[in-house]
1. Being on the phi > 0 side of the Ramachandran plot and modelled with pLDDT under 90 is true for just one of Asn170, Asn130, Asn98. Which residue is that?
2. So which residues in region 58-72 are part of a loop (DSSP other than H, G, I, E, B), surrounded by fewer than 18 Cβ atoms within 10 Å (Cβ to Cβ) and away from the ligand (no atom under 12 Å from the Cβ)?
3. For region 122-155, give me the residue count where each residue is within 13 Å of the ligand (Cβ to nearest atom), part of a loop (DSSP other than H, G, I, E, B), without any contact (Cβ under 8 Å) to a residue 24 or more places away in the chain and under 24 Å from Asn109 (Cα atoms).
4. In this structure, does Ala160 turn out to be farther than 23 Å from Ile59 by Cα and surrounded by 20 or more Cβ atoms within 10 Å (Cβ to Cβ)?
5. Take Tyr175 and decide whether it is at pLDDT below 95, loosely packed, with under 15 Cβ neighbours inside 10 Å, more than 30 Å from Pro43 (Cβ to Cβ) and within 12 Å of the ligand (Cβ to nearest atom).
6. Mind checking which residues of region 105-121 are within 16 Å of the ligand (Cβ to nearest atom) and farther than 11 Å from Val139 by Cα?
7. Filter region 8-52 for residues that are basic (Lys, Arg), loosely packed, with under 13 Cβ neighbours inside 10 Å and modelled with pLDDT of 55 or more and give the result.
8. Can you name every residue in region 74-93 that is closer than 14 Å to Ser32 by Cβ, crowded, with 18+ Cβ neighbours inside 10 Å, free of Cβ contacts under 8 Å to residues at least 60 places away in the same chain and out of contact with any helix residue (DSSP H, G or I) (no Cβ under 6 Å at 6 or more places or on another chain)?
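The values are calculated or read from the model by the stated rules, or taken from the named source; none is laboratory data. Here the structure is a predicted model, which means the values were calculated and not measured. Every residue, glycine among them, receives a Cβ derived from its backbone with ideal geometry; neighbour counts consider all protein chains shown.
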Amino acid sequence: MGISCLDIFPGRGVMRDSDFKARGKVRKRILSVIFLLPAWFSPHSKLRVIFHRLRGVKIGKNVEFRYFCIIGNVHPYLITIEDEAVVTAGSVLLEHDNAHYYAHGGEVNFGPVVVKKRSFVGIHSVIMPNVTIGERAIVATNSVVADDVPPDTVVGGIPARVMKSLDQGNEIIKY
Ligand SMILES: CC(C)(COP(=O)(O)OP(=O)(O)OC[C@H]1O[C@@H](n2cnc3c(N)ncnc32)[C@H](O)[C@@H]1OP(=O)(O)O)[C@@H](O)C(=O)NCCC(=O)NCCS
């Protein structure tokens, strides 16, 4: 699709909330909140895609979102979903992590999530900031993905590990 969050935020690492305010993102945050409920619960995937786009998520062609996908709730423009990818029900694509901020006043970490072409995110999975899901990869149900997923692999578990490698025709070639 040719769009990458890394075009906006070159390199990966720690970003502060003030960095985003300085970039004039407040209006985008309001739009993101207004369209949250229809993006979660509209009765057709195409509608959910439209509302996630209106929120600022970068979405390619023929992408499917199932119900209640939490996609970059604070900074949706940090999330990129490429053509024909599928994100299934209850999955969470996290573009920020404020655990250290709330627990002991540390920094909030921000980072892009990229779901590449034809990949599949299984039900109730969590994708952490700064993670790319490779082309045609599968994330097993209920996984927590904290590292990049190579293309043509199946990953699963908490934290997610490679379970299988696949060729481009989806035939299993290795366990
Ligand atoms: C990951 C997945 C594709 C694997 O399917 P598969 O290729 O047919 O592989 P298998 O079912 O033979 O499982 C292979 C191994 O992975 C394990 N496994 C399967 N799903 C797992 C999961 N979610 N987490 C951890 N391990 C899992 C199996 O127990 C098996 O382990 P073993 O080799 O020790 O017996 C499938 O389990 C899955 O999660 N699909 C996504 C379903 C989904 O979210 N659908 C959305 C609604 S359409």
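1. Values: Asn130 fails: modelled with pLDDT under 90; Asn98 fails: on the phi > 0 side of the Ramachandran plot.
Answer to the selection: Asn170.
2. Within region 58-72, Lys61, Asn62, Phe68 qualify.
3. Total satisfying the criteria: 2.
4. Working: farther than 23 Å from Ile59 by Cα: yes; surrounded by 20 or more Cβ atoms within 10 Å (Cβ to Cβ): yes.
Against the criterion (farther than 23 Å from Ile59 by Cα and surrounded by 20 or more Cβ atoms within 10 Å (Cβ to Cβ)), Ala160 qualifies.
5. Values: at pLDDT below 95: yes; loosely packed, with under 15 Cβ neighbours inside 10 Å: yes; more than 30 Å from Pro43 (Cβ to Cβ): yes; within 12 Å of the ligand (Cβ to nearest atom): yes.
Criteria met by Tyr175.
6. Result: Arg118, single match.
7. Arg27, Lys46
8. Of all residues in region 74-93, those closer than 14 Å to Ser32 by Cβ come to 74-79, 93.
Okay, now just the ones that are also crowded, with 18+ Cβ neighbours inside 10 Å, so 75-79, 93.
With the extra rule that they be free of Cβ contacts under 8 Å to residues at least 60 places away in the same chain, the set shrinks to 75-76, 93.
The answer is His75, Leu93.
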